[in-house]
Structure formats: C-alpha cells, structure tokens
Amino acid sequence: MAGAQGRNGIVAGWLPVAIAAALFAFFVSLAPEVAAGRAPAVSWDWLPSLGIAFGFRVDGLALTFALLISGIGALVLLYSNAYLAGHPQYARFALFLTSFMLAMLGLVLAADLIALFVFWELTTITSYLLIGFIHEDPKSRRNALQALFVTGGGALAMLAGFILIGMAAGTFDIAAINAAGLQAHPWYGAILVLMLIGAFTKSAQVPLHFWLPNAMAAPTPVSAFLHSATMVKGGVYLLARLHPSLSGTEAWLWSLTLFGGATAVFASLQAMRQTDLKQALAYTTLMALGTLVLLLGQSTGYALTAFAAFLVVHSLYKAALFLVVGCVDHETGTRQVGVLGGLLRPMPATALAAALAALSMAGIPPLLGFIAKEIAYASAAQSFAPLLVAATLLAANVLMVAVAGVVAIGPFWQRARGPLPKAPHEAPWAMLAGPLLLAALGLGLGLLPGPVQTYLVDPVVLGALGPGAVPAELKLWAGVNLALVLSGVTLALGIAVWLARGAARRALERALGALPSLDAGWDGFMDGLKAFAVWQTRIIQGGRLRVYMATMFVVVAAAVGGSMLLRGALPAWPDLSDVTPQNVVLLGLIGAGSVLAAFTGSRILAMAALGVTGIGVAMTFIVFSAPDVAITQLLVETLIVVLVAVALLRLPQLDPTGRPSFRPWDAALAAAVGIGTTLVLLAVLQQPLDLSLTAFFEAASYPEAFGRNIVNVILVDFRALDTFGEIAVVVIAALSSYALLRTTAPVWGRGPGGTRR
Amino acid sequence: MRSIILRTGARYICALMLVFSVYMLLRGHNEPGGGFIGGLIGGTAFALYAIGCSVAEARRALRVLPQNVAVAGLGIALLAGLMAGLDGDAFFEGQWLFLGGEVPGTYSKGALPLSSVLVFDIGVYLVVFGSVATLVFAMEEEI
C-alpha cells in the first residue's frame, strides 16, 4: 500500500499532515505557560467603531481543545491519506478537512464573540462540504443540507444572543464578559435561551439531535474528526466558554441537566439498537455530548474536572474507534454487526486498538476512561439532585459498556457469521498509526494521569470557576467509595446487557420504533417549505409585467401619498409668479407627450410620445442651467427609444382590438403617482433649502479638485466611491441582461466571406 | 429592411460620434461632459452602427467583446481609486501631476494636468460604453 499513499501527491497528501503536526507542536510548547495561569493573546482592531476586535487568546479551555483538534487532526489527515488513497478528488478532501481544522482552531481560540461566530459558521460550512463529499449520492447531499440548516439556524439564534450579550456587557471581549458575569442582567433569560439553541444544535442535544447520525454519510475520517472529536463539541465548548457568565442559576442548572441527561440516555438506547457499527458510534457520541452538557450544568470542582477529563478521554477513544471502524470497513467492505467476525487473526493491530479504545469507553481500570467515569460519579454525589444525575449517568454508562462490547468484541473475537465482501487483511500503517496511538494514550494517561491533570484539566477548571476553585484529583485508586461501587454496578449490568444484546436490540427496536421520527418530520417540514415557496412565487412572481408594474406603482402611491395625508404634510398652494412663457411651453410639450402615450393604440407611437416627454424634461434641465444632466437625459432617452423600439416592434398592438380602450384603473393609478410625486416635490421646495453642500462644492471644486465642472468633479472626485459602486451596478446589470437575452452564441463575422450582409 | 442611406451614413456618423465621445470625456472636468456622457455617446454610436449595418459587422468593428470592455473599465476605475493608496492618501482621493507650465508642479497656465481622476473617468467611460453596447448587441441579435 506504500505506493497508494504516493498517489495523493506530496502537497495534498502530506502537507496537511505537516501543518497539523506543526500546530500541535506549537500548542504543546504553549502548555507550560498556560498551566502557570497565563493566557497568551494577540489581537487586532477589526470594527473599532463597534468595539469588535479580532483576537486569539490561549487559556486552559482553548488549549485543551486546540491540542485535541490539532493532534487528532494530524492523525486523521495521515489516516485519510491512506483511506482515500488514489481518490480522484483527494486534494479537495484534504483542502476541506484542513480548512475545517483551521476554522475549528479559530473557534476555540477566538477572544471575541463576533470572531467566534465567524469561525463557528466556517466550521458549519466546511462540515457541510465534508458531509456532502460523496456528492453523487442524493442521500449524502440531503444529509449535508440538513446538517447545514440545523446548525446554521442555531448559529443565527446564537448570533442574536451574542449581540444581546455585547449590548448587555458593553463589550464583545469574552474575558471581559466572563469577568463581569451576566446572571443579574434583565436580559439573562433571553441570552440563555439563545445560547442554548446555538449550543444544542451544534452539539446535537435532544430534540435537535437528528442531524448528527445522518452526518455519518461523510467518509469515516470525517466522522471521526468532525462529528465525534471536534466540531460537535463546539456547542459544549460554547457552554464551557460562557460558563462563568451564565452558570449558577436555576435555569442553567435545570436546562443543562435535563437536556443533557435526556440526550445521554436516549442516545445510549439508540446506540444499543444499531446494527451498523458507525451508526452505533454516532449515537454513543451523542451520549457523550449529553453527558458533557449535564456535567457543565453544575459549578462544582468535581463536575468541571469530570467535564474536562471526559472531554479528553472521549475524544481519544471515540476518534480511535471511528478510525478502527473505518479500517474494518476499508478492509472488509462492510460495517454490519451481523456479518462481521473473526477479524482478530487477519487484523491483529486493529483489534488491539479497538480493544484498548473500547476498554477506555467502557470505563475499565487502568484506562483514563475509568478515571473520568469515577469523577463523574463523584460529582453526581455533590450535585443538587444526586439521585437524578447518578441514575442518568449509570443508565448511560451501562449501555456504553454494552456498546463497547458490540464494537470491539463482536467483529474481532467472535466467529465469522458469513462470507465478507472482501477478504480481510491488515490496514496500512498510516491507517493504524492514528487508532493505535490514540488508544494507547488512553492507557498511558490512565496509568500516569499527571500531565492530563496539570496541563489540561486544572487550567480548564480554574478558568471556569475562578482561581479559588479546587479541581478533583485524577487517580486510579480513590479508595472504596460510592463511585467505585457505582463503577462495579455499571460493569456488571453492562456485561449483562451485552450478553443479552440480541433480546435488548429487539426490545429497543419495538420501543424506539414506535416513537415519532424527527427525521421524517424534517423531510415533511422541508417539503412544506418548498410547497410554500412554490405557492408564494406563483402569486408574487406571476410573470405578467403589468401586475409587477401595477404593484410597484400602488406601493409608491400609497407610501408617498398615504404618509403625506396621514401626517398632514400637504404643501401650501405654490407661488406661480415667476413662471415664464418658456416654462409653460415645455410643460405643454411634456403634457402632450404623456397624454398621447396614454391614449394611443400603437406601441411605436407610445414610445415616440414618451421620448418627447423625456426630451421635454431634458430641456427643462437646460433652462435651469444643468447641462450635464440634460445631456445625459437626452442620450438616455435616445437609447431607450432605440432599445425599446427594437424589442417592442415584435410585440402585438397595445390593444388587441385595434382601437384604444379606456383603462380607468390605470388612469387612476397614474394620476395618483403623478400627483403624489408633485405634492412631495412642492412640499420639499417649500422647506428652506440648505445650501451648505452646494456652497462647499462651489468653493472647493476648483481649488481642491482642479475642476470647474462641479457635477463631474463630484462624480469622479468628491464622490468617486459612490460612482464606483454605481458603475459596478451598471456592469452587473448589463451582464445579467446579457445572460437573460442570450440564448444563442454571438454572431462573429469571419473575414470577408463571413456573415456580411 | 436595411436602408442604404442609413448603412452608408452610419459608418461616418459612427466614427464622428466616437471622436466626439472622447472629446466629451476629456473636457468633462471643466466643461459639460465626462465619462458617463462620453460612454453613452460611444455606446449610441455602436448602436447606430449595429442597426444601420449589422450586429456582426459592429462586433467585428469593435474587435473585442463589449462586456469585456465594461469589466475592464470597472478594473481601471478601481485601479485609479487604489492609486491614492500608494501616496498614503485615502482611497479614491484624486492624485494630480502637472507637467510644464509657468510654475512647475502647480496648476498654472500651460501646465499639462494628469490625474488619477482622469483615469477613473476613463474607467467610467468604458463601463458605460461596454454596457450599452452589450445590451444593444444582445437585443439586436435576439430579436
């Protein structure tokens, strides 16, 4: 398989791995400084007028996440290079995955809420691209879109919450917000709800969980990285990040405990029911997310220690297990529990990684998973509702033991139950390095939990609870206590469930199958949305130009005339003493053109009559000495007549009967718009005219901009940016009309014998 | 229905209008005119050419795609705006260079004023010219 890795090329195949490894090394080098209580930070002004900065800060929580993201990222990228060896679009895949990793790092390092939001959305988008990577498959596309909509919708709620926080706290700087706290603010309730929506969509809490199992449509390395170890922890990260400013209230405690607990139990039941290994792991990830949310609900040193420890250990073992399932899938061609078996002999290294990771997941000493579980149980004893929290954790953990058995024992240690699609053999080294290393870390750190305590757990706990907090100690033997008893019970019950897994699966199938499916509900919702879009498009965009024009003019007449009438802003009768005969003639010309256009039955005559009106307006500009405006108006009128004549000559007569008909509605509408506009102009003219701008331009035009034509100087110098925007609009309009008009290739003359006519 | 008079006249009038459009463009800073008006005149000239002769002939006379002219104009206008950045001024601030004259370097009698403002106006001219020609050619060809 060595040659297969070469096929992805150095740049796509190995550069991403190098980037991730370098980032990991960088974050490791920051660890001692962060453990000492400092938080290295950089910051640039972004939108200073709104108090928004673009900055990164590496504190304990950020560093823990950053190490997980870059470390697991390096291993996953190494793995992908072999997993998708020779895939024609591997470069694309590597680009998406690397972009995701950088966005995720930005998310956890951001020091400012708005920057955090931008990175949050970047992870959503890259996740969408990665879930839909197998884009030939409609199901994959649908699942990608579902994940995008659910998490994107949650992010919008979160953005609203961020803005509320910014207004409440007077700053978007996260450290400053956390220092002040928001619990006493009158908007606390709204902020909390919006934050929870954002976090619960991203971290897939019940009832917003349904997108996550579907997201497993992505290639397995993506599932391991995004939908288990990193991205779905974004919501948990948000809650942990804002823990100091939001936690401690009844609302926080109950909502996190209930949603987290419900998610953990529901997900572990679902996990037990799955027959696809990857789906089973997907639901155990949900269980872990629920547990993390549950633990964050409390504010004790034990709970936060359990949170940090479980966060680390879950990322390690779950990424390893996903990668193991990827190896199995890659080498055998199936992930079905009912088929797999007997892989211990052909795939010993994979089996070892699976066993170590599963032991950690089941929480068996001396692995790190055991320690995390012990502390979680210990934290339950200190919580506000020990029985509820402990029972929730117990139920979830029992099922975790059983699922760990299903994943790690079934495929490797039991006899094969049928022919496999491919003859199994060991995966290449690049695919083994990740799972083996991650699983071995679970063992090594369990035996020597010191570094985890010093560099990962303690900074997180102190950051969340303040410098006076006491983190719990990570140790394998804490004496015979309640937690140890619960661990024993968990293990015994878990093994019992595993032994009875067939019956358990059937029972769960019956019980959970009867529940309404949120996924089907989602499809119904999307279909309804599309039907609504079709319905309203048919009404609003009927395709008849008459209706569009009438709508626009009705709105104009109602908005202008209506507000004038309601506000009583009607103008006084104008002073007509300075009207000259010249004005009257021009007015007559304009009026005659309009009347002719309204009553003629011929399009070409109507066009010409409108042209007369336009030229009358242009001459009015000349009379009032605005030659530039007049020239432009004249040229535009000419062009419009030419263009419309070209188009309209092919259209039928205005009146199909051939004789003009009276159109009272049109007349009324036209009169309303015309009279309304006239009244507005009269009202404007009766206000004292502020000439300060005119005076400025008259004074500054020549000395400062060296031009005597004030109109042009304004266009190209004083207001050059406006003009630039306008010509950009002109180009866009021309290109769009061209695209609409063109249905054939342009006719190019080819030399003298070409299409010359 | 091509009129021989229009066909013959269009060539000469078109040439005259193009010259006139450039004249309008260049005088615009001090007299009525400018890039927008110049571009409209130039576009109208090609509209006349396309109607009088044929779109194919007009395209051949223009040599490049009109939409490319429009986009190039937008780019030129942007570059003119960015020139100010080189001198450390705010973007789109006019930059002036006076060649010759009684007092070199100032806007005195006989000096040749060169400015980023003129470059910007040339961009406006090309945008308007290209957009009008794009529309006229497309409509003529389709209908």
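The values are calculated or read from the model by the stated rules, or taken from the named source; none is laboratory data. Bear in mind that the values here come from a model prediction, so they are computed numbers and not experimental data. Here Cβ is always computed from backbone atoms with ideal geometry, including for glycine, and neighbour counts include all displayed protein chains.
Key figures
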item	result
Any chance residue A:351 is outside any helix (DSSP H, G or I), of a type outside the set (S, T, N, Q) and over 24 Å from residue A:269 (Cβ atoms)	no
Candidates B:7, B:63 - the one that is of a type in the set (Lys, Arg), within 22 Å of residue A:640 (Cα to Cα) and more than 9 Å from chain A (Cβ to nearest Cβ)	B:7
Sole residue being surrounded by fewer than 24 Cβ atoms within 10 Å (Cβ to Cβ) and not aromatic (Phe, Trp, Tyr), chosen from A:198, A:234, A:181, A:260	A:181
Residue A:563 being closer than 24 Å to residue A:684 by Cα and not in a helix (DSSP H, G or I)	no
Output for the stretch A:226-246, where each listed residue is at pLDDT below 90 and either outside the structural domain of residue A:192 (by TED's automatic domain parsing) or small (Gly, Ala, Ser) (or both)	A:228, A:229
Residue list for the stretch A:286-333, restricted to those being touching a Gly at 6+ places or on another chain (Cβ under 8 Å), of a type in the set (S, T, N, Q) and not in a helix (DSSP H, G or I)	A:299
Residues that are closer than 17 Å to residue B:92 by Cα and β-branched (Val, Ile, Thr), drawn from the stretch A:711-731	A:711, A:713, A:714, A:716, A:723, A:727
Per-region count, the stretch A:465-506, residues under 38 Å from the mean Cα position of the chain (by Cα) and within 30 Å of residue A:241 (Cα to Cα)	10
Residue satisfying all of: in the stretch A:717-730; buried (at least 20 other Cβ atoms within 10 Å of the Cβ) and not charged (D, E, K, R); farthest from the other protein chains (Cβ to nearest Cβ) among these	A:718
Test: residue A:721 is over 20 Å from residue B:66 (Cα atoms), at pLDDT 80 or above and in a helix (DSSP H, G or I)	yes
Residue match in the stretch A:137-152 (condition: surrounded by 19 or more Cβ atoms within 10 Å (Cβ to Cβ) and among the aromatic types (Phe, Trp, Tyr))	no
Flag for residue A:575 being exposed (fewer than 13 other Cβ atoms within 10 Å of the Cβ) and under 30 Å from residue A:147 (Cα atoms)	no
Residue match in the stretch B:88-97 (condition: more than 11 Å from the chain's Cα centre (by Cα) and surrounded by 22 or more Cβ atoms within 10 Å (Cβ to Cβ))	yes
Failed condition for residue B:69, given (1) more than 8 Å from chain A (Cβ to nearest Cβ); (2) within 26 Å of residue B:27 (Cβ to Cβ); (3) free of Cβ contacts under 8 Å to residues at least 60 places away in the same chain; (4) out of contact with any Ser or Thr (no Cβ under 7 Å at 6 or more places or on another chain)	(3)
Test for residue A:31: is it within 22 Å of residue A:240 (Cβ to Cβ) and either touching a residue at least 24 places away in the same chain (Cβ under 8 Å) or outside any helix (DSSP H, G or I) (or both)	yes
Neighbours by Cβ (under 8 Å, 6+ apart or cross-chain): first from the stretch A:450-472, under 17 Å from residue A:378 (Cβ atoms) and in contact (Cβ under 8 Å) with a residue 12 or more places away in the chain; second hydroxyl-bearing (Ser, Thr, Tyr) and not in a helix (DSSP H, G or I)	A:465/A:299
Conditions (1) assigned to a helix (DSSP H, G or I); (2) within 30 Å of residue A:163 (Cβ to Cβ); (3) of a type in the set (Gly, Ala, Ser); number of the one not met by residue A:21	(2)
Selection status of residue B:64, of a type outside the set (Gly, Ala, Ser) and free of Cβ contacts under 8 Å to residues at least 12 places away in the same chain	yes
Selection count, the stretch A:104-127, where residues are closer than 24 Å to residue A:220 by Cβ and either out of contact with any helix residue (DSSP H, G or I) (no Cβ under 8 Å at 6 or more places or on another chain) or surrounded by fewer than 22 Cβ atoms within 10 Å (Cβ to Cβ) (or both)	2
Any hit, the stretch A:649-665, residues being out of contact with any Pro (no Cβ under 9 Å at 6 or more places or on another chain), at pLDDT 85 or above and either over 29 Å from residue A:554 (Cβ atoms) or of a type in the set (A, V, I, L, M) (or both)	no
Considering residues of the stretch B:5-49 that are buried (at least 22 other Cβ atoms within 10 Å of the Cβ) and part of a loop (DSSP other than H, G, I, E, B) only, the residue nearest to the chain's Cα centre (by Cα)	B:34
Close pairs from the stretch A:692-713: first more than 24 Å from residue B:97 (Cβ to Cβ) and more than 14 Å from every other protein chain (Cβ to nearest Cβ), partner surrounded by 12 or more Cβ atoms within 10 Å (Cβ to Cβ) and at pLDDT 80 or above, Cβ under 8 Å, at least 6 apart	A:698/A:710
Residue among A:527, A:519, A:523 that alone is acidic (Asp, Glu) and in contact (Cβ under 8 Å) with a residue 24 or more places away in the chain	A:519
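Yes/no per residue for (1) without any contact (Cβ under 8 Å) to a residue 60 or more places away in the chain; (2) among the acidic types (Asp, Glu); (3) farther than 20 Å from residue A:725 by Cβ; (4) facing chain A (nearest Cβ under 10 Å):
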| position | (1), (2), (3), (4) |
| --- | --- |
| B:46 | no, no, yes, no |
| B:49 | yes, no, yes, no |
| B:55 | no, no, yes, yes |
| B:78 | yes, no, no, yes |
| B:85 | yes, no, no, no |
| B:90 | yes, no, no, yes |
| B:98 | yes, no, yes, yes |
| B:130 | no, no, no, yes |
| B:133 | no, no, yes, yes |
